[in-house]
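A short reminder: the numbers here are calculations on the coordinates, not readings from a lab. Everything numeric here is computed off the predicted structure, so don't read it as measured data. We place every Cβ from the backbone using ideal geometry, glycine too, and count neighbours over all the protein chains shown.
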Amino acid sequence: MSFYRLSITITSLALIVVGVAIVVQTARAGAGLVGFLIGPLFVAAGLGRLFLLRRH
């Protein structure tokens, strides 16, 4: 695996983890519409980037 592919994979996984953490923290706090909107967007960005990397 090239350095480019490895770095994209690591960054994508980090985006997914951050997105899940945002949703979990928002749920633990008991409120926050922004957290429930931003978290899934981070997860979608990470998954989308992994999808595009695997497709190429």
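Counting only the backbone N, which residues of the stretch 40-55 are under 15 Å from the spot 7 Å out from the Cα of ILE8 toward its beta-carbon?
The answer is 45-55.
How high is the FRET efficiency between GLN25 and LEU47 when r is their beta carbon distance and R₀ equals 35 Å, given to the nearest 0.05?
0.95
Binned at 5 Å from 0, what are the whole-percent values of the Cα-Cα distance distribution for the chain, short to long?
Pair shares across the bins are 4, 23, 25, 17, 13, 9, 7, 3, 1.
Got the relative contact order for the chain handy, in percent, Cα pairs under 8 Å and 6 or more residues apart?
Over the chain, the number comes to 46 percent.
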